[in-house]
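Just below is one structure, and these are the notes that go with it.
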Amino acid sequence: MAIQSVGVIGAGQMGNGIAHVFALAGFDVLIHDISSEAIEAAMTKISGNLDRQIKKGKLSESAKAETLARIQPSGSIEEIGKTDLIIEAATEVEKIKHQIFSDLAPHLAEHTILTSNTSSISITRLAAATAKPEQFMGLHFMNPVPVMQLVELIRGIATSEPTFKTLEEVVVRLGKTSTSAEDFPAFIVNRILMPMINEAVYTLYEGVGTVQSIDTSLKLGANHPMGPLELADFIGLDTCLAIMNVLHEGLADTKYRPCPLLVKYVEAGWLGRKSRRGFYDYRDGTPVPTR
């Protein structure tokens with residue numbers, strides 16, 4: 001089927017980026033969140049990111065206006081249910097995601113494809129709680145969405161081939177590249193990335209290096225654009241911990257045990273950039289290592 005209308009649930013860091021790239025590619029987008037303030041902030045963020053593309057010569061002013069015109073805020077889950085494709089981009093908590101799909105159920109159009117932007121949770125399990133698991137799959141964008149080129153496509157055990165092919169074509173229309181991942185904990189990117197970040201936290205926890213020395217070592221020694229602790233702050237330490245817990249519980253291997261220091265930072269509310277404190281303190285503008 002041809003996808004034209006897209007509903008995005010969740011207007012946070014991932015949701016606003018997803019709305020941005022779909023609208024820019026010519027899709028009609030409805031963006032929904034339980035917080036009207038979050039939707040307003042998302043629209044401001046999208047406008048700013050489009051301005052950044054204009055400054056780089058990648059976009060015209062008229063293209064920006066057309067893109068913003070394609071994104072409509074929606075306070076109604078019923079409206080979202082009528083779209084061709086729904087992308088759930090809410091908090092990485094399975095209970096919340098199940099509630100969203102439950103609320104959507106009475107309002108879904110016959111042809112609607114449901115997806116989750118989850119970075120680690122079982123697609124098969126999420127799909128099983130819906131009426132049409134064959135029309136459900138994982139559509140995992142990388143952060144920041146307007147910049148990163150990869151989209152992971154994850155089939156649940158019941159996902160149909162037409163659903164997969166439709167989303168494969170959608171990714172092409174977005175100008176991005178897809179990879180197909182099997183439905184195992186954390187899929188491909190986070191199965192590899194999160195243990196690396198967790199090991200960097202262990203390296204800090206054990207006193208092998210400081211925040212600065214660990215990040216500098218990986219940037220200059222492994223040619224990474226960001227150090228692992230800086231990257232963890234960017235992703236959100238709560239998200240990193242949630243994914244490590246999924247890996248640890250799902251694969252029952254001690255090598256995925258979350259570092260106690262990561263747990264402590266999350267318990268303190270030091271979640272990284274979004275809370276202005278994590279492995280770095282961002283409150284005065286210039287990031288300062290907290291250890």
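Quick one: in segment 187-214, of everything that is assigned to a helix (DSSP H, G or I) and touching a His at 6+ places or on another chain (Cβ under 9 Å), which residue is farthest from residue 288 (Cα to Cα)? Step by step, filter segment 187-214, then rank; the result is 189.
Considering segment 243-264, and only residues there that are crowded, with 21+ Cβ neighbours inside 10 Å and farther than 14 Å from residue 200 by Cα, the residue that is nearest to the chain's Cα centre (by Cα) turns out to be 243. Among the conditions (1) in a loop (DSSP other than H, G, I, E, B); (2) surrounded by 15 or more Cβ atoms within 10 Å (Cβ to Cβ); (3) of a type outside the set (Phe, Trp, Tyr), the only one that residue 226 does not satisfy is (2). The number of residues in segment 156-184 being of a type in the set (Lys, Arg) and assigned to a helix (DSSP H, G or I) comes to 2.
Exactly one residue among 110, 92 is exposed (fewer than 14 other Cβ atoms within 10 Å of the Cβ) and either in a loop (DSSP other than H, G, I, E, B) or among the small types (Gly, Ala, Ser) (or both), and that residue is 110.
Of the residues making up segment 182-206, those that are farther than 18 Å from residue 239 by Cβ and in contact with a strand residue (DSSP E or B) (Cβ under 8 Å, 6 or more places away or on another chain) number 2. Restricting attention to segment 258-291, the residues being assigned to a loop (DSSP other than H, G, I, E, B), in contact (Cβ under 8 Å) with a residue 40 or more places away in the chain and either among the small types (Gly, Ala, Ser) or within 23 Å of residue 122 (Cβ to Cβ) (or both) number 2.
Values quoted throughout were computed directly from the atomic coordinates according to the rules given, and no laboratory measurement underlies them. Every value quoted in this text rests on a predicted model; they were computed, and no experiment measured them. Don't worry about glycine lacking a Cβ; one is built from the backbone with ideal geometry, like all the others, and counts go over all protein chains shown.
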